[in-house]
1. Could you count how many residues in the range 149-203 are crowded, with 16+ Cβ neighbours inside 10 Å and within 13 Å of the chain's Cα centre (by Cα)?
2. Which of the residues that make up the range 58-78 are within 18 Å of the chain's Cα centre (by Cα) and touching a residue at least 40 places away in the same chain (Cβ under 8 Å)?
3. Filter the range 166-191 down to residues that are of a type in the set (S, T, N, Q) and assigned to a strand (DSSP E or B), then give me how many there are.
4. For the range 78-112, how many residues are acidic (Asp, Glu) and either buried (at least 21 other Cβ atoms within 10 Å of the Cβ) or modelled with pLDDT under 90 (or both)?
5. If Phe36 passes every condition in (1) within 30 Å of Glu207 (Cα to Cα); (2) modelled with pLDDT of 80 or more; (3) outside any loop (DSSP other than H, G, I, E, B) but one, which one does it miss?
6. Restricting the search to the range 116-135, which residues are surrounded by 15 or more Cβ atoms within 10 Å (Cβ to Cβ) and either of a type in the set (Lys, Arg) or outside any strand (DSSP E or B) (or both)?
Amino acid sequence: MVSLQRSLGYHHFKRLRTLAPTGTHAQAKNRKMTMFDKLFGKGRPAPIDAPERMRPKERMRAVEGSSTAELAASLLIAPTALMQLSPDEALTVVSYMIPRRIAMGTTFINEGDRTDTGYMVLLLEGEVTVESIVVSRHAPLTVNVVGPGSLIGEMGLVDGQPRLASCTASTDVRCAVLSREALEKMGENDPKTAAKLMFAVSLRIAERLRDTAEKLKMYSQLVQAMQQEIDHLMPT
């Protein structure tokens, strides 16, 4: 059993649960339950081995020698995530995360959600479809499909604002989740690592905003060119 837990990852996997699509009865019962509630059991005391409840040495011992924790740390500093962290700092961040499995078809982040913004997700295995409702459309538009090493929900974790897109597991997903409570605890126990993490997240968000600004500029130029062509073909 010990070797199995080590092969899965650090000891939080002892209570590993799969988040699966719920049936009609379960939906009625849990209609008001957010995904954060499902992940962390909001309203109940945090388990004794939750990262924010553990002492620093206990937390680091929990990830020591764990292949999954090492995988998460390596993915955390990949080009798709936060390259500014060192391997040791990445492992420290991972020690504050909780591993989860999410079943295929589960929507674990909902666009516009104002209350369920207290966590970000690092994908370890599987794929996630990112969708958004565009003006004048009723069906969601697929924005991206992301895989291992991708971070999801970091903007909501930082500013607490409504989610900008919905995220659904395209396959069975294995991930690591960092809650706002764990992030705050990291700020107390490992302020240097927490500050560097937030700086790396801020850079990632800035890069995304720059990319969006460039796309808007390109679209604006395209619209202007189309309008000029229309004016040429249909002079007033």
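The values are calculated or read from the model by the stated rules, or taken from the named source; none is laboratory data. Predicted model, so just to flag it, every value in this text is computed and none were measured. Here Cβ is always computed from backbone atoms with ideal geometry, including for glycine, and neighbour counts include all displayed protein chains.
1. Result for the range 149-203: 25.
2. Hits for the range 58-78 are Thr68, Ala69, Leu71, Ala72, Leu75, Leu76, Ala78.
3. 3
4. 1
5. With (1) within 30 Å of Glu207 (Cα to Cα); (2) modelled with pLDDT of 80 or more; (3) outside any loop (DSSP other than H, G, I, E, B) applied to Phe36, the lone miss is (2).
6. Asp116, Thr117, Gly118, Gly126, Glu127
To keep it simple, each residue is scored yes or no on (1) among the hydroxyl-bearing types (Ser, Thr, Tyr); (2) out of contact with any Gly (no Cβ under 9 Å at 6 or more places or on another chain); (3) touching a residue at least 40 places away in the same chain (Cβ under 8 Å).
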{"residue": "Gly118", "(1), (2), (3)": "no, no, yes"}
{"residue": "Leu122", "(1), (2), (3)": "no, no, yes"}
{"residue": "Thr142", "(1), (2), (3)": "yes, yes, no"}
{"residue": "Ile152", "(1), (2), (3)": "no, yes, yes"}
{"residue": "Ala169", "(1), (2), (3)": "no, no, yes"}
